[in-house]
1. Can you tell me the dipole magnitude for region 41-105 around its Cα centre, using point charges on the Cβ only (Lys, Arg +1; Asp, Glu -1), in Debye to the nearest 20?
2. Taking 0.36 nm per residue of separation and subtracting the Cα-Cα distance, what length does fully extending residue 165 through residue 104 add?
3. With a Förster radius of 22 Å, plug the Cβ-Cβ distance of residue 148 and residue 39 into 1/(1 + (r/R0)^6) and report the FRET value to the nearest 0.05.
4. Quick one: Karplus J couplings for region 81-92, per residue in order, coefficients 6.51, -1.76, 1.60, θ = phi - 60°, nearest Hz, x for Gly and Pro?
5. In terms of modelled amide H atoms, which long-range or inter-chain residues lie less than 5 Å from the amide H of residue 89?
6. Please report, in debye to the nearest 20, how large the charge dipole of region 33-166 is about its Cα centre when each Lys and Arg carries +1 at its beta carbon and each Asp and Glu carries -1 there.
7. Checking the table 43/126; 43/121; 43/163; 43/114 against a 31 Å threshold on Cα-Cα, which pairs fail?
8. Once the Cα gyration tensor of region 73-116 is diagonalised, what are the square roots of 5 times its eigenvalues, in whole Å and ordered largest first, as equivalent ellipsoid semi-axes?
Amino acid sequence: MRTMKRLSLVLPLLGFSLLLAGCGGSDKDQVATGLSKAQYVSKAEVICTRLNKEIDGLTAPTSPAALESFLVEALRIAESGTAEIKALDPPEADKAAIRSKVLDPLEGQVAEGKQFLEDVKAAVAKNDQAALGKLISDPPTGPEADLAWMRSYGFKECVESAKTDG
């Protein structure tokens with residue numbers, strides 16, 4: 001079973017593998033720039049496929065210290081993928097939709113994922129099993145990207161990365 005399915009709390013961290021692609025506004029008089037839709041989706045899917053495999057390769061944590069290490073590594077993978085996605089230039093005509101339907105919600109997931117990691121670290125440092133149990137039972141799900149829109153746009157692996165519900 002995939003690590004993402006076994007430990008739903010890592011899913012929000014995967015979600016930001018697709019976030020923050022540099023998106024700006026468009027100008028009617030400006031010549032269209034960016035990759036074609038097919039190129040953008042293809043390049044993003046390659047990144048998301050690799051990230052999903054890396055996350056799946058992580059060992060599910062079995063102790064509080066292992067949970068902290070797991071989250072640190074998942075966050076490192078996600079942030080690395082984010083940098084790669086940011087380097088892609090989305091199609092000019094789709095930048096606003098990508099920003100509002102995918103990137104903005106996933107930015108919220110990133111913030112929640114980082115705060116979740118800090119909360120886990122604090123609970124581990126205090127050996128606070130009650131707080132840790134609460135964190136594990138109620139991981140952040142963040143604002144979810146528009147998965148239906150992502151599918152209609154052509155994303156598959158990146159949809160799996162962006163899911164927050166396991």
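Quick note: the coordinates plus some simple rules give every number you see, no bench work behind them. Not measured: the values here are computed from a predicted model. Cβ coordinates were reconstructed from backbone atoms using ideal geometry, including for glycine residues, and neighbour counts include every protein chain displayed.
1. Taking the Cα centre of region 41-105 as origin, the dipole is about 100 debye.
2. Gain on extension, residue 165 to residue 104, equals 20.2 nm.
3. 0.45
4. Here the 3J(HN,Hα) series is x, 4, 4, 5, 5, 4, 6, 6, 10, x, x, 3 Hz.
5. 35
6. Dipole of region 33-166, to the nearest 20 debye: 200 debye.
7. 43/126; 43/121
8. 22, 14, 5
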